[in-house]
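Let me begin by presenting the structure, written as structure tokens, before commenting on it.
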Amino acid sequence: RFGSCYDDGDGLNNTYYAYPTAMALHPNSISLLRADIAKIKSQLRISGNLVQASDFNDDLSSWQSPPSDLQLTNWTDGRVVIAQRSKETNTTGCYPGWAQTNRVAVDPRLSYLFSVWIKTDGSLMNNYFGFLVYDANGARILGDWGNPYFKGSQGDANVWTYFSGYLLANATANTSTFNVDATNGVDWVLPANAAYALLRFGSCYDDGIGKNSTFFAYPNVQEVQPQTAALLQSQINSLLDFQTNQGNMVQDANLGDAGLTWVMPPADIVTVPWSDGRPILAMRSKEVVNSTSCYAWAMTNSFSVDVSLTYEIGIWIKTDGARMSNYFGFFAYDSNGRQIGGEWGNPYFKTSRSDPTEWTYYSGYLLPNSTSNRSVFDITTTNGVDWVLPANTATVL
């Protein structure tokens with residue numbers, strides 16, 4: 001259930017709700033849940049960024065091939081950042097604006113995450129992001145690693161997009177590439193004699209009309225835990241294994257036909273832009289003139305739950321009213337369909353105001369009854385209040 005209340009009554013503001021979800025998680029006790037979360041976190045980078053002057057704002061003399069066309073441009077939040085431009089010329093070859101970072105020391109027993117942010121106004125620009133590796137004497141390692149790229153495709157977006165790829169420990173495989181699902185690029189295996197590596201990027205092969213530009217920002221190289229790709233993949237899979245194959249138990253979650261199945265269907269469904277600009281359907285809770293009470297609300301269909309399992313409940317919210325209090329919660333029912341009261345009489349995952357004007361995901365857990373003898377039990381992986389299912393729960397909405 002979700003809706004908004006308690007603005008100042010001038011009738012000017014709106015809150016929008018989209019994509020409500022309810023998904024069963026792995027049937028774990030809370031201790032195992034936390035252990036799995038810790039396992040996932042253990043794959044995270046343990047070094048800082050090894051690329052020097054990665055914001056292009058400091059001395060770039062350590063770079064193998066420093067950026068030659070730095071430009072001021074807007075980041076996703078509107079602030080001005082420095083980015084390297086690769087600008088199309090009147091040729092269909094490669095363009096000025098290629099760069100190679102400083103060399104970083106690498107250990108072939110370890111794995112490294114390489115990444116960069118890219119945006120372009122040319123759909124035909126082939127935007128490259130790759131690396132070079134060197135032995136202990138500083139000589140380029142060639143063969144399979146003679147011209148390696150994590151990414152070399154066209155069709156990139158005109159919004160800042162994150163691209164990444166792993167340089168994995170040599171023990172990962174006896175091949176030069178080895179795919180890891182957690183990145184959106186080709187992943188590579190370090191050669192056994194690797195001692196240094198660098199990140200490189202630039203653009204080529206537009207139609208040669210000299211109009212388009214690609215921008216690159218925040219190149220990053222970070223060491224990850226010393227593990228083989230198999231262990232890395234198993235940790236990624238453990239995150240995926242949290243969710244069962246049950247899928248979203250909220251019916252008509254895209255609000256295209258919500259009136260058929262919901263206990264309280266949205267009364268005001270409007271078309272609004274999603275974060276990528278495409279139109280979606282959302283429920284609007286519009287402030288009422290001269291009312292500081294509650295505005296439009298909705299309740300999803302009810303769905304069956306098992307009190308031995310964990311459920312993640314989530315929703316996307318954005319608002320243009322800093323004073324709007326935007327609520328997101330649930331009701332629990334017993335096997336006779338009676339609402340469970342007491343501490344669960346009016347439960348919310350979120351009740352706050354001052355939400356962002358951009359789409360933001362909010363979530364809370366419904367935890368197994370065995371988790372605690374209290375009604376609430378905080379899990380730091382959500383940004384809402386987490387609740388423990390009552391022992392007699394049969395359905396939830």
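Close lysine pairs were tallied over the chain: pairs 8 or more places apart or on different chains with Cα atoms under 30 Å apart number 16. Taking amide H positions as modeled 1.01 Å from N, with prolines and chain starts lacking one, no residue 5 or more places away or on another chain lies under 5 Å from SER54. Helix 30-41 axis versus longest C-alpha principal axis of the chain: approximately 20°, rounded to the nearest ten. The figure for MET264 is an accessible area of roughly 80 square angstrom, using a 1.4 Å probe on the protein chains alone. The local environment of LEU132, defined by Cβ-Cβ distances under 11 Å, has a net charge of +3 under the rule Lys, Arg +1 and Asp, Glu -1.
When you count the other C-beta atoms within 10 angstrom of each residue and take the mean per peptide, 108-120, 50-62 line up highest first as 108-120, 50-62. Of ALA394, LEU168, SER325, whose Cα points farthest to the positive end of the dipole of the chain (charges on the beta-carbon: +1 Lys, Arg; -1 Asp, Glu; origin at the Cα centre)? Ranked along the dipole, the leading option is LEU168. Here the chain is assigned +1 on the Cβ of each Lys and Arg and -1 on the Cβ of each Asp and Glu. Its dipole about the Cα centre then comes out at about 340 debye.
Using +1 at the Cβ of each Lys and Arg and -1 at the Cβ of each Asp and Glu in the chain, identify which of ASN14, SER370, VAL250 lies farthest towards the dipole's positive end. Projecting each Cα onto the dipole axis, the largest value belongs to SER370. Projecting the Cα atoms of GLY138, GLY48, TRP98 onto the charge dipole of the chain (Cβ charges, centred on the Cα centre) puts GLY138 farthest toward the positive pole. Given the alternatives (i) 53.7, 141; (ii) 25.4, 76; (iii) 32.1, 117, Rg and Dmax of the Cα atoms in Å as computed for this entry is given by (ii). If you sort PHE178, PHE331 by accessible surface, 1.4 Å probe, largest first, the order is PHE178, PHE331.
Peptide packing for 3-15, 186-198, 367-379, 84-96 was compared via the average number of neighbouring C-beta atoms within 10 Å per residue; ordered from the highest value, the list is 186-198, 3-15, 84-96, 367-379. The packing ranking of peptides 288-295, 150-157, highest mean first, is 150-157, 288-295, where packing means the average number of other beta carbon atoms within 10 angstrom of each residue.
Note: region 266-397, Cα convex hull, 131 Å³ per residue. Rounded to the nearest whole angstrom, the semi-axes of the ellipsoid equivalent to region 147-224, taken from the Cα gyration tensor as √(5λ), stand at 28, 13, 12, largest first. Based on DSSP H runs of at least 4 residues, each adding -39500 (n - 2.57), what is the mean residue ellipticity at 222 nm of the chain after dividing by all its residues, to the nearest 500 deg cm²/dmol? Estimated from H runs of four or more residues: -2000 deg cm²/dmol.
Per residue, region 62-149 exposes 44 Å² of solvent-accessible protein surface, assessed with a 1.4 angstrom probe and all protein chains in place. Heavy-atom accessible area, probed at 1.4 angstrom with all protein chains present, ranks TYR362, TYR162 as TYR162, TYR362, highest first.
The values are calculated or read from the model by the stated rules, or taken from the named source; none is laboratory data. For clarity, every value in this text was computed on a predicted model and none was experimentally measured. Neighbour counts are summed over all protein chains in view; Cβ atoms, including those assigned to glycine, are modelled from backbone coordinates with ideal geometry. Ligands, DNA and RNA are stripped out before the accessible areas are found, and what is left, the full protein with its side chains, is counted by its heavy atoms. Shrake-Rupley method; radii C 1.70, N 1.55, O 1.52, S 1.80 Å.
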